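Have a look at the structure below before the remarks.
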């Protein structure tokens, strides 16, 4: 039976258009999903939109539309963007779906029934944009939100609270007992540092007198569920673990066997790690639900020294880059440039460096090798010894597997590109143009061309999760019916296949 892999992105807030930060997270998840499928796994790759809360209410009012109309429009924009960027999600969830709302209500009712919720009052500062309360000492200059810089509001209201503090010790023990639960290690250490201070309880509701666009509490119709609680439960909804018709006693809460839960990997930016590594696991503990297996927190895209932010007006539109350079070039740049867990700086110059890497290393190798097979062997791969780069192929596949095991996708891609460089060096060392001039060296030429055809098959497989369209085209030119798995490419014998040359895989672009 195939191994099952369930991985998720955050669900994106439906008040603004997709930007490069959204694209990076989702392309990263897509590439990891494709590598898992390549290994024979059954995969559920989840993404979607977060559609409740005051931010949606306010933006809808500003536009003069109903909140659901805004959500419909934005969900369609995200779906369209992901399709243009060749993101093959399996499930696109919306928090306005009836099934999800029922699961959320059952989840919160279960917390209430188990004694983990209580009514209380809150007085303090609130940022609508970030959907967060802040203490006086947290605030930025002139009573602004420390995250987004917008003005905060003074609020005094009655809320329902989750006894999050009850689970602090259990959470710390889980993180210490599972060193790879949060990756990279620097993010794990940040969470442990956060948990060195006493953990407060979590407000899980908002009064309907202030926020109407949300899921009503099942036991108090005057309150709606805090949008972050609503959003986090989407991972459980999409897993199919809970039958919402059975309410808070649904057996899938405690025993999700047969569903996709627990998630194998939650992927998110480091700015929302606390909600995923503290709020979410303690909520699951309160409900008696198994925890996800791993959390991957990546860095930010910055411009100069500043994080990209819609509020600062410095975001990059990935679809504009896609129009100019193509989908695969955008995917390659984002995943190749950002080391997992670290920040990365976007500049047009770095984008061109990474594009030229594709064109001048991988693209050049494909063009040279296929042209020589067409020229010297009438387009048919000779029945030579295709093992001329066996050691390099084995070393590369081992390096890729090790990097993927630690979610270091940038390192896996570097290893793949190094194999393409080594193959270009192999061409220079073997000089097939000189072999072709000497009839006595016909066997050597056959070996050279067969080796190059085989390595191109391996490279098509290695690059496919990141550059799916161009890799599929390379496989077609190699005479393959489709991109091979890595195991198939490792043992492939390409002799006898008919190849074709074609235009450059990554054509020169005018800047």
Exercise. Within the stretch 435-449, is there a residue that is closer than 15 Å to residue 332 by Cα and either touching a strand residue (DSSP E or B) at 6+ places or on another chain (Cβ under 7 Å) or not in a helix (DSSP H, G or I) (or both)?
Worked result: no
For this session: Return the total of residues in the stretch 202-248 being free of Cβ contacts under 8 Å to residues at least 60 places away in the same chain and within 26 Å of residue 168 (Cα to Cα).
Result: 3
For this session: Determine if the stretch 58-75 includes at least one residue that is closer than 22 Å to residue 243 by Cα and touching a residue at least 60 places away in the same chain (Cβ under 8 Å).
Result: no
Seminar exercise, completed: Checking 476, 421, 470, 454 in turn, the sole residue that is within 20 Å of residue 360 (Cα to Cα) and out of contact with any helix residue (DSSP H, G or I) (no Cβ under 7 Å at 6 or more places or on another chain) turns out to be 454
For this session: Consider residue 502 carefully, then state whether it is in contact with a strand residue (DSSP E or B) (Cβ under 8 Å, 6 or more places away or on another chain), touching a residue at least 40 places away in the same chain (Cβ under 8 Å) and not in a helix (DSSP H, G or I).
Result: no
For this session: Scan the stretch 1-24 for residues that are in contact with a strand residue (DSSP E or B) (Cβ under 6 Å, 6 or more places away or on another chain) and assigned to a helix (DSSP H, G or I) and jot them down.
Result: 20, 21, 22
Problem set entry | Residue, farthest from residue 157 (Cα to Cα), within the stretch 123-139, restricted to residues that are at pLDDT 80 or above and over 30 Å from the mean Cα position of the chain (by Cα) | 139
Exercise. Would a scan of the stretch 286-301 turn up a residue that is in contact with a helix residue (DSSP H, G or I) (Cβ under 6 Å, 6 or more places away or on another chain), at pLDDT 95 or above and in a helix (DSSP H, G or I)?
Worked result: yes
Problem set entry | Of all residues making up the stretch 468-486, the number that are part of a loop (DSSP other than H, G, I, E, B), surrounded by fewer than 20 Cβ atoms within 10 Å (Cβ to Cβ) and out of contact with any strand residue (DSSP E or B) (no Cβ under 6 Å at 6 or more places or on another chain) | 3
Exercise. Would you call residue 187 in contact (Cβ under 8 Å) with a residue 40 or more places away in the chain and outside any helix (DSSP H, G or I)?
Worked result: no
Problem set entry | the stretch 399-420, residues that are over 23 Å from the mean Cα position of the chain (by Cα) and closer than 30 Å to residue 185 by Cβ | 418, 419
For this session: Among the candidates 460, 489, 423, single out the residue that is surrounded by 24 or more Cβ atoms within 10 Å (Cβ to Cβ), modelled with pLDDT under 95 and either part of a helix (DSSP H, G or I) or over 34 Å from the mean Cα position of the chain (by Cα) (or both).
Result: 489
Exercise. Do we find that residue 52 is touching a helix residue (DSSP H, G or I) at 6+ places or on another chain (Cβ under 8 Å), assigned to a loop (DSSP other than H, G, I, E, B) and within 22 Å of residue 232 (Cβ to Cβ) in this structure?
Worked result: yes
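Let's see how each residue does on (1) surrounded by 14 or more Cβ atoms within 10 Å (Cβ to Cβ); (2) modelled with pLDDT under 95:
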{"site": "340", "(1), (2)": "yes, yes"}
{"site": "348", "(1), (2)": "no, yes"}
{"site": "352", "(1), (2)": "yes, yes"}
{"site": "364", "(1), (2)": "yes, no"}
{"site": "370", "(1), (2)": "yes, no"}
{"site": "374", "(1), (2)": "yes, no"}
{"site": "377", "(1), (2)": "yes, no"}
{"site": "389", "(1), (2)": "yes, no"}
Exercise. In the stretch 206-224, what residues are closer than 16 Å to residue 50 by Cα, modelled with pLDDT under 95 and either surrounded by 16 or more Cβ atoms within 10 Å (Cβ to Cβ) or not assigned by TED's automatic domain parsing to the domain that holds residue 155 (or both)?
Worked result: 211
Seminar exercise, completed: Filtering the stretch 256-283 down to residues that are within 23 Å of residue 115 (Cβ to Cβ) and not in a helix (DSSP H, G or I) yields 256
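The values are calculated or read from the model by the stated rules, or taken from the named source; none is laboratory data. Note that the structure is predicted; figures quoted are calculated from it, not measured. Note: ideal-geometry Cβ built from the backbone for every residue, glycine included; neighbour counts use all protein chains shown.
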